[in-house]
1. Quick one: in the range 7-77, what % of C-alpha pairs are over 14 Å apart?
2. In degrees, nearest 10, range 0 to 90: what is the angle between the Cα axis of helix 62-71 and the longest Cα principal axis of the chain?
3. Given the Cα-Cα distance of ARG68 and LEU36 and 0.36 nm per residue of separation, how much length would full extension add, in nm?
4. Provide the per residue accessible area, probe 1.4 Å, for the chain, rounded to a whole number of square angstrom.
5. Over the range 1-65, with every protein chain in place, what whole percent of the accessible area is carbon and sulfur at 1.4 Å, could you tell me?
Amino acid sequence: MSLTQSVFRSSAALTVGNAANKIVGITIMLAMARYLTAEQFGLYTYVFSFVVLLGIPTDIGFGQVLVREISRDEEGS
């Protein structure tokens, strides 16, 4: 397999994965909005917004470090 094919295949897999993630997320949020009352759903979104805000500082740079360490793998496994 050539480098171009490998890059295209990896990019396509990443795009499909991201799209599937978005679709599943929207589906879950719609189901939760229908299941919970307006007050309960509002409380859920309020708490979830704080979780997301507090998660941002802990995630800064983690993806880049992970990619760097995986690319350093000298065994090729």
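1. Result for the distance tail: 77 percent.
2. 20 degrees
3. Gain on extension, ARG68 to LEU36, equals 7.3 nm.
4. Value returned for the chain: 92 Å² of accessible area per residue.
5. Ligands and nucleic acids excluded, carbon and sulfur reach 72 percent.
The values are calculated or read from the model by the stated rules, or taken from the named source; none is laboratory data. The shown structure was predicted, so the numbers you read here are calculated from the model rather than taken from an experiment. With ligands, DNA and RNA removed, areas are computed over all heavy atoms of the protein, side chains included. Shrake-Rupley method; radii C 1.70, N 1.55, O 1.52, S 1.80 Å.
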